[in-house]
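Participant: Shown below is the structure under consideration.
Please treat every number below as a calculation from the coordinates, not as lab data. Since this is a predicted model, take the numbers as computed values, not measurements. Every residue, glycine among them, receives a Cβ derived from its backbone with ideal geometry; neighbour counts consider all protein chains shown.
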Amino acid sequence: MEQEYFAHHTAVIDSNCKIGKGTKIWHFSHIMPNCVIGENCNIGQNVVVSNDVVLGKNVKVQNNVSIYTGVTCDDDVFLGPSMVFTNIVNPRSAVVRKGQYAKTHVGKGVSIGANATIVCGHNIGEYAFIGAGAVVTKTVLPYALVMGNPARQKGWMSEHGHKLEFDKNGIAICPESKEKYKLENNKVQKIK
């Protein structure tokens, strides 16, 4: 059967991986056993995707990213250059904690900026936007914009990646898509 994805000849793909049609895996990347990578993903250079990681469709992983066991990403996630996920809260070289990996779930449409660190055990809600260099140490709400170390919420983002400005009625309009959003009880929802 013909391979339906592209892998550069320097990429290492271990056994029992499921890789979707149209996915591209670039130079010196390592896809470890039992990974699931959806259709039309792009895995940049020097990326590590550890055992049992699950990536949805159309996930863009930029160069030098580390995705460790315990991470799942939904469709349309963007992982910026050199960002990293952790999977142990208190790592020690001399203490084996492989059975204690904390899970991190990244929702649909999330963007994570360059050099950000996502400390394990904290979910990131759909369409959240994590600024470059941020260190995420707690759960991030859907549509939230977070920045800094430790990351703090600085606003809300549209599905097209624009900062939302809410009026006195809690309504915002994305300048690109013209879609409307409602802010109520510290939660944002797109108005359909």
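Participant: List every residue whose amide H lies under 5 Å from the amide H of ALA7, counting only residues 5 or more places away in sequence or on a different chain, with H placed 1.01 Å from N in the peptide plane.
Facilitator: ILE25
Participant: If you average the C-alpha positions of the stretch 132-170 and of the stretch 39-53 separately, how far apart do those two centres end up, in angstrom?
Facilitator: 26
Participant: How about the stretch 6-39: which chymotrypsin sites (Phe, Trp or Tyr not before Pro) there are in a DSSP loop, with at most 16 other Cβ atoms within 10 Å of their Cβ?
Facilitator: Hits after loop and neighbour filter: PHE28.
Participant: Check LEU145: other-chain or 5+ apart residues with amide H under 5 Å from its amide H, H built from backbone geometry?
Facilitator: PHE129, LYS154, GLY155, TRP156, MET157
Participant: Could you work out the per residue convex hull volume over the alpha carbons of the chain, in cubic angstrom?
Facilitator: Each residue corresponds to 127 Å³ of Cα convex hull volume.
Participant: Still on this model: Looking at the stretch 1-74, which GluC sites (Glu not before Pro) are DSSP coil and have at most 12 other C-beta atoms within 10 Å of their C-beta?
Facilitator: In loop regions of the stretch 1-74 (DSSP not H, G, I, E or B), the sparsely surrounded GluC sites (Glu not before Pro) are GLU2, GLU4.
Participant: May I pose another question? Can you list residues whose amide H is under 5 Å from ALA132's amide H, if they're 5+ apart or on another chain and H is modeled 1.01 Å from N?
Facilitator: Amide H neighbours of ALA132, under 5 Å, 5+ apart: GLY113, ALA114.
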